[in-house]
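Presented below is the structure to which this report refers.
Read the figures in this text as sums done on the coordinates, not as results from a lab. Predicted model only: the values in this text are computed from it and were never measured.
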Amino acid sequence: MLLVDADRPEPVRSGARELALFLTPEPRAEAKEVEETIEGLLLRLEEFCSLTDMIRSDTSQILEENIPLLKAKVMEMRGIYAKVDQLEAFVKMVGHHVSFLEAHVLQAERDHGAFSQALRKWLGSSGLPAFRNKRWMPAAPTYELPTLYRTEDYFPVDAGEAAPRTPSCQRRL
């Protein structure tokens, strides 16, 4: 009804123009929207590039500065680990020597009656005449102290010597 009127050609044309103008997008508004989108993308691209540059500089700093420092610390720690291993071996050796000496002390107490001698002294001081008159004289067997180790061989007095030396006199257990 609006467009099919032959008697009035002018209003149809003006209506068509108005409809065409209404449906035709404005190039300036669309161009402005596209430009804003492009500006936002360029800003994000610039931020991304600055982040990648920062990562590259951090990576080069790590490669040039921090890795050599870490390598030096690793070498230092290897020396410390070696010292700890030596101390563990020393403690283990001392433990063996202590066990060896404890066994000798127990055997000497059994052989020489150290417990019974202490018991006799205690009973003799109690005032009983039977224990007071008897003198118990232990036989004096000779006892030779086993040669074990010298602490100075492992911990020298001179601070310049860090590694333990081979002990000069050591007995195998």
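List of remarks:
- Per-residue ³J(HN,Hα) for segment 70-87, Karplus 6.51 cos²θ - 1.76 cosθ + 1.60, θ = phi - 60°, Hz, x for Gly and Pro: 5, 4, 5, 5, 4, 5, 4, 5, 4, x, 5, 4, 5, 5, 5, 4, 5, 5
- Our coupling estimate for segment 47-63, obtained by passing each phi through the Karplus curve with A = 6.51, B = -1.76, C = 1.60 and θ = phi - 60°, is 4, 5, 5, 5, 5, 5, 5, 5, 5, 4, 5, 5, 5, 5, 5, 4, 5 Hz, Gly and Pro reported as x.
- The mean of 1/r over all pairs of different alpha-carbon atoms in segment 56-115, once inverted, gives a Kirkwood hydrodynamic radius of 15.8 Å.
- Reach of Lys83 by Cα under 20 Å, taken over lysines that are not fewer than 8 positions away in the same chain: Lys71, Lys73, Lys92
- ³J(HN,Hα), Karplus 6.51/-1.76/1.60, whole Hz, each residue of segment 144-154, x for Gly, Pro: 10, 5, x, 7, 10, 8, 10, 4, 4, 5, 9
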